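Have a look at the structure below before the remarks.
The values are calculated or read from the model by the stated rules, or taken from the named source; none is laboratory data. A quick note: this is a predicted structure, and the numbers were derived from the prediction, not measured. Ideal geometry is used to build each Cβ from the backbone, glycine not excepted, and the neighbour counts take in all protein chains shown.
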Amino acid sequence: MSVTAQSIEDYQQMAAENNPEVRAAFQQYLSSLEVESQVGALPDPEVAFAYFISPIETRLGPQQARISLTQMFPWFGSLSDNRSVSEARAKAQYEVFRETRNRLFFQTEKSLLELYELEQSLSIAKENLDILNSLVEISLRRYETDQASQVDVLRAQIEQEDLKTQIALLEDNRKVLVQKVNELLNAKEEQEVVLPDTLIPQTDIESESELKNQLVQQNPALNRLRYREDSAREMKALAAKDGKPSFGVGVDYIFTGERSGVTNLTNNGKDAIMARASFKIPLFRNKYNAKVDQAELNIQAVQSQIIDKENKLETDLTSSLRDFYDAQRRYELYDQKQIQRVNQALNIMTQKYATDSSNFEEILRMQRKLLDYQLSRIQALVDMQVSSAYIDYLTGKNNINLNK
């Protein structure tokens, strides 16, 4: 099965739609939304039925059975605090989903860029193999006419075989990378990955201060911790309310039988209705105070986690910017200077070789240097794009909104 994609973004979208880890994270978020309707509701009313084995005799007749209905109510604001805790936890779970999706976007782009680097490296190596093949033929012709030594032929053949081995390894690596991309896409059948022929280098990037502001505001891992802090604060308020009294109201309906032998008794056998009120008084304060203290410690713990996470993310951002600028310098060096100089030197030495065979070893060395620079150029280009993609991941560039 063959798949043609116009851009890396197409593959990212395909991965987001099919990847089971992302689906699982979103389903967990949907599951967390169902908690609010559970914790924000009143406790279920209690219904009790009692049957008097020995009826209680009253003036209006014997009481035979009783049905009781009771509804308990927590302290004022407890239900809204429960809903707030649930809402904050659901938002934190949504940030987990966004973090998972953004990480998948980065992993997909990184894998595709590595595949692009490999394919370009393979193409470059094959082009250089063609050149080496030509050099082998030239050295053979010159050897046959006694214009070159057999050593020139052997040197060219050694370089030729080394490059063939390198090409074979690149082709094997391509299979592994295609399989890795299919794993990220959760493809049921192995799909052929088709990438653009060219990759335009990204030369501009926002300043470090701007990127740090974006990171602090938009990074899902940081936002998740902030929602956890909100949840811990609501839990502290809820713990304080747990130490307040709760109350309940109820009603009893008592079935009363008629008194026998009495004919003129008003309301003879009339059923009785009784209203009740109850209170739950939290007398043992230690456990409620411990709940409040625990919630406060949780708040402090999350605050420390936020500081630690922010410091680590900023370090990652600084490191990624260093890698980006380093790759940018390397790309410009190889693309604008070194490759041009090596090509120029090769042209001069090749022309000289027509009359003087003494510099053939140097031609091979320069040809190998050209191959190294060409491979280094494509590696620098990909390193630059991978660093940029990781910066996008850190700053939450691919965040999606709740209403989507």
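Before moving on, here are some points about what is shown:
- Residue list for the range 113-128, restricted to those being buried (at least 17 other Cβ atoms within 10 Å of the Cβ) and over 22 Å from Val176 (Cβ atoms): Asn128
- Out of Leu104, Leu112, Leu154, sole residue that is in contact with an Asp or Glu (Cβ under 9 Å, 6 or more places away or on another chain) and assigned to a helix (DSSP H, G or I): Leu104
- Restricting the range 136-151 to residues that are closer than 12 Å to Phe360 by Cβ and hydroxyl-bearing (Ser, Thr, Tyr), the residue that is surrounded by the fewest Cβ atoms within 10 Å (Cβ to Cβ): Ser149
- Hey, Lys212 surrounded by 12 or more Cβ atoms within 10 Å (Cβ to Cβ) and touching a residue at least 40 places away in the same chain (Cβ under 8 Å) or not: yes
- Filter pass, Glu36 being in the same structural domain as Leu238 (by TED's automatic domain parsing), modelled with pLDDT under 85 and charged (D, E, K, R): yes
- Residues satisfying the stated conditions in the range 329-381, i.e. part of a helix (DSSP H, G or I) and among the acidic types (Asp, Glu): Glu332, Asp335, Glu361, Glu362, Asp372
- Residue selected from the range 125-140 under the condition among the polar types (S, T, N, Q) and in contact (Cβ under 8 Å) with a residue 24 or more places away in the chain, by the criterion nearest to Gln166 (Cα to Cα): Asn128
- Restricting the range 215-242 to residues that are in contact with a Ser or Thr (Cβ under 7 Å, 6 or more places away or on another chain) and farther than 30 Å from Tyr325 by Cα, the residue that is surrounded by the fewest Cβ atoms within 10 Å (Cβ to Cβ) is Lys241.
- Sole exception among (1) in a helix (DSSP H, G or I); (2) of a type in the set (Ser, Thr, Tyr); (3) under 34 Å from the mean Cα position of the chain (by Cα) for Thr198, by number: (1)
- Flag set for Asn213, criterion: modelled with pLDDT of 90 or more and of a type in the set (S, T, N, Q).
- If you go through the range 33-45 and keep only what is touching a residue at least 40 places away in the same chain (Cβ under 8 Å) and not in a helix (DSSP H, G or I), you end up with just Gly40.
- Single condition Lys312 does not satisfy, out of (1) in a helix (DSSP H, G or I); (2) of a type in the set (D, E, K, R); (3) surrounded by 12 or more Cβ atoms within 10 Å (Cβ to Cβ): (3)
- Taken residue by residue, the range 319-327 has no member that is closer than 24 Å to Asn128 by Cβ and more than 26 Å from the chain's Cα centre (by Cα).
- Subset of the range 272-285 (residues that are at pLDDT 80 or above and in a loop (DSSP other than H, G, I, E, B)): Ile281, Pro282
- Residue count for the range 340-357, restricted to those that are modelled with pLDDT of 90 or more and surrounded by 18 or more Cβ atoms within 10 Å (Cβ to Cβ): 1
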